[in-house]
Amino acid sequence: MTYQTHGKHLIAGEQVAGEKTFRSEPVDGNGADFAVGSEDLVNRACEAAEAAFPAYGATSREERAKFLETIADEIEARAEAITETGSRESGLPEARLQGERGRTTGQFRLFAEHIRKGDYLDRRHDAALPDRAPLPRPDLKMIQRPIGPVAVFGASNFPLAFSVGGGDTAAALAAGCPVVVKGHSAHPGTGELVGDAITAAVKKCGLPAGTFSLIQGGDRKVGAALVQHPLIKAVGFTGSLAGGRALFDLCAQRPEPIPFFGELGSVNPMFVLPEATKARGAEIGKGWAGSLTMGAGQFCTNPGIAIVARGSEGDAFVSAATEALKEVGPQTMLTDGIASAYKDGKARFDSRNSANPLLTNEDEGRNASPNLYETDVDAYLQDHALGEEVFGPLGLVVRVGGPDDMARLAEGMDGQLTTTLHMDDGDTDLARRLLPLLERKAGRILVNGFPTGVEVADAMVHGGPYPASTNFGATSVGTLSIRRFLRPVCYQNLPDALLPEAF
Ligand code: NAP
């Protein structure tokens, strides 16, 4: 049965209608009306968040852990409606939505465990040295404290795990920060359901109503007003480079600049080293085609670029990849706009003499089929556009002459979320040469695997130097992501009774 959306914003526990509405665009054509946000509503949500902060920020870790677990339960209680609505709005298969829901509730539960352990507080204590000469040392205790209201923007391609109840929201709430979400216009009904779940959990746990608000989109001014609101202290953003950069610049221009944690696009270069190419080039090529087209290529970790040697062994990689891509038919894209941007990206490649087409497809409407191009190292380094993300199943093979070319490419590439080495034992010396270069470029370096699929774990880094993210010291996935919404405070000579946490 189709879930009937209420179409309203959720502001500090209340359903609020808007003066205007926008219509959602699910794949079955049965759109629904959703309230458009406004600057007044942004102000109302931010004021409620600030009013909630003294009490919410002072909750115990156990209280917050229970709250996070209650959110997970409330999401599960709406599982069927979330899967059905999410699949209709995004065009993603139901199995994918179910898996993503597990990841989303798992994320809330992981953060509950993480804050219970308390390591994230990074408590540091320099005991007083009253007899030190020439000057005594005071007692110094440092601890991480929540920063205040946080704004969250989710991406279209993860309607659950990187959206209203995604990693940014889980991390900020775990830290003790109220959250104001700007809903994504690509999946407003899914966002509403998850927003309802969080709102129900706020009530059940007796927390201040302003701990959570969801303002639906429909107007870009809403996002701009949210990041500029003086009560917002940080922004968690997942989305495109263009959108992220526009909002980042607004944050930097504020009278009080605030951190903007933007997780943006990436082309995730994959280096196929010579011995691995010789031993199993065709197998790697086939695996690459699978990773490149997974979810219609709409992953930020989509490995868009493969770097492979010229010559017959590299040719085996290229032919296997091309054959495997031919087998992949058209897939439905997340939105009409994203499908149209994919066509523009393909046209960008078609317009370049330096990109030789190996496989091209023309698509209708919201569909996208794989496209594959080939270039060489000099053309790639000279034409920046060849290294820019095309969101969808488009691949580029860069043919190289040898190790020096690989090193030049590694040096010349932009910041990335991931980079991959396919290697055998005989490639170790080359890998050792490339690693220091790749470490400066990517947040995660893989060997003999594919970057799609990001484990939510303590050691995960999902971030990287610009333009992969706007803040290379941070990750948006895994428990370390909580640090984005904390600030170290040093307490000098404070009596224990006044400290926010026991030492
Ligand atoms: P998007 O178009 O940038 O949208 C993301 C959010 O930002 C939406 O809420 C959007 O509002 C808002 N927005 C965009 N431009 C804006 C502007 N100029 N002013 C105010 N608000 C603005 O991104 P998307 O298409 O949803 O997501 C796909 C992109 O995300 C891809 O590039 C992908 O690689 C990247 N991504 C990155 C990660 C990661 O972890 N690094 C994960 C997933 C996806 P509307 O609702 O009005 O559009």
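The values are calculated or read from the model by the stated rules, or taken from the named source; none is laboratory data. Fair warning: this is a prediction, and the values are worked out from it, not measured in the lab. Glycine also receives a Cβ, built like all others from the backbone with ideal geometry; neighbour counts cover every protein chain displayed. Heavy atoms of the whole protein, side chains included, go into the accessibility calculation; ligands, DNA and RNA do not. Shrake-Rupley method; radii C 1.70, N 1.55, O 1.52, S 1.80 Å.
Which FRET efficiency value, to the nearest 0.05, do you get for Asn448 and Lys326 by plugging their Cβ-Cβ distance into 1/(1 + (r/R0)^6) with R0 = 30 Å?
The value I calculate is 0.75.
At a probe radius of 1.4 Å, what is the per-residue accessible area of Asp40, in Å² to the nearest 10?
Counting only protein heavy atoms, the figure is 120 Å².
Can you give the accessible area per residue of segment 270-447, in Å², using a 1.4 Å probe?
So segment 270-447 comes to 40 Å² accessible per residue, rounded to a whole number.
Order Cys205, Cys46, most accessible first, counting only protein heavy atoms with a 1.4 angstrom probe.
These residues rank, largest area first, as Cys205, Cys46.
Which one, Ala502, Leu430, Ile305, projects farthest toward the positive side of the charge dipole computed for the chain from Cβ point charges (K/R +1, D/E -1)?
So the residue furthest toward the plus end is Ala502.
Ala95 to Ala457: FRET efficiency via 1/(1 + (r/R0)^6), r the Cβ-Cβ distance, R0 30 Å, to the nearest 0.05?
0.85
Using modelled backbone amide H atoms (1.01 Å from N, in-plane), which distant-in-sequence or interchain residues come within less than 5 Å of Val400's amide H?
Val308, Ala309, Arg310
With runs of 4+ DSSP H residues as the only contributors, calculate the mean residue ellipticity of the chain at 222 nm using -39,500 (n - 2.57) per run, divided by the residue total and rounded to the nearest 500.
Helix contribution divided over all residues of the chain: -12500 deg cm²/dmol.
Could you tell me which of Ile215, Leu446, Pro259 has its Cα farthest along the dipole of the chain towards the positive end, charges placed at Cβ (Lys, Arg +1; Asp, Glu -1), taken about the Cα centre?
Result: Pro259, furthest along the dipole toward the positive end.
Compare Met294, Met460, Met333 by solvent-accessible area with a 1.4 Å probe and give them largest first, with all protein chains kept in place.
In descending accessible area the options line up as Met294, Met460, Met333.
Please list Arg245, Arg432, Arg145 from largest to smallest accessible area, probe radius 1.4 Å, with all protein chains kept in place.
Putting Arg245, Arg432, Arg145 in descending order of accessible area: Arg432, Arg245, Arg145.
Please compute the modelled spin-label separation between Ala407 and Val489, points set 7 Å along Cα→Cβ, answer in nm with one decimal.
Going by the 7 Å Cα→Cβ label model, 5.1 nm.
Which of the three applies to the chain, rounded, prolate or oblate, going by the alpha-carbon gyration tensor with a ≥ b ≥ c and a/c under 1.5 meaning rounded?
oblate
Going from the alpha-carbon gyration tensor of segment 417-461, what semi-axes, largest first and in whole Å, does one get by taking the root of 5 times each eigenvalue?
In descending order the semi-axes read 20, 13, 8 Å.
Using a 1.4 Å probe on the protein chains only, how many percent of the accessible area of the chain belongs to carbon and sulfur?
The computed percentage sits at 51.
To the nearest 10 square angstrom, how much accessible area does Ser354 have with a 1.4 angstrom probe?
Per-residue accessible area (Ser354): approximately 40 Å².
Would you kindly state how much longer the chain becomes between Asp28 and Gln253 on full extension, computed as 0.36 nm times their sequence separation minus their alpha carbon distance, in nm to one decimal?
On the way: separation 225, 0.36 × 225 = 81.00 nm, distance 4.17 nm.
Stretched fully, the Asp28-Gln253 segment lengthens by 76.8 nm.
For Asp496, put the label point 7 Å out on the Cα→Cβ axis and report which residues of segment 111-135 keep their amide N under 17 Å from it.
123-128
Pairs of Cα atoms under 8 Å, at least six residues apart: use those to get the relative contact order of segment 270-447, whole percent.
Reported as a whole number, the value is 28 percent.
Given Cβ point charges of +1 (Lys, Arg) and -1 (Asp, Glu) and nothing else, what value in debye, to the nearest 20, does the dipole of the chain about its Cα centre take?
That gives a dipole near 1160 debye.
If the limit is 21 Å between Cα atoms, which of Lys66/Lys233; Lys66/Lys203; Lys20/Lys233; Lys326/Lys441; Lys286/Lys326; Lys117/Lys441 go over it?
On the way: Lys66/Lys233 25 Å; Lys66/Lys203 13 Å; Lys20/Lys233 29 Å; Lys326/Lys441 32 Å; Lys286/Lys326 11 Å; Lys117/Lys441 32 Å.
Check vs 21 Å cut-off fails for Lys66/Lys233; Lys20/Lys233; Lys326/Lys441; Lys117/Lys441.
Tell me the label-point distance for the pair Arg310, Phe503, using the 7 Å Cα-to-Cβ offset, in nm and rounded to one decimal.
For Arg310 paired with Phe503, the spin-label model returns 6.5 nm.
With a cut-off of 13 Å, note down the residues of segment 368-399 whose backbone N falls inside the zone around a label point 7 Å from the Cα of Ser351 toward its beta carbon.
What the label zone holds, given the 13 Å backbone N cut-off, is 385-386.
For His462, which sequence-distant residues (separation of 5 or more, or a different chain) have an amide H within less than 5 Å of its own amide H, given hydrogens modelled in the peptide plane?
Answer set, sorted by chain and number: Ser476, Val477.
Keeping all protein chains in the complex and leaving out DNA, RNA and ligands, what accessible area do you get for Lys286 with a 1.4 Å probe, in Å² to the nearest 10?
For Lys286, the solvent-accessible surface is approximately 140 Å².
Taking the Cβ of Ala410 as the centre, find all other residues whose Cβ is under 12 Å away and add up their charges (Lys, Arg: +1; Asp, Glu: -1). Don't jump to the answer; show the numbers that get you there.
Working: positive: Arg408, Arg433, Arg440, Lys441; negative: Asp404, Asp405, Glu411, Asp414, Glu439.
With Lys, Arg at +1 and Asp, Glu at -1, the net is -1.
Between Arg433 and Glu283, what FRET efficiency follows from the Cβ-Cβ distance if R0 is 22 Å, with the result rounded to 0.05? It would help to have the intermediate numbers written out before the result.
Numbers: r = 25 Å, r/R0 = 1.11.
The computed FRET efficiency comes out at 0.35.
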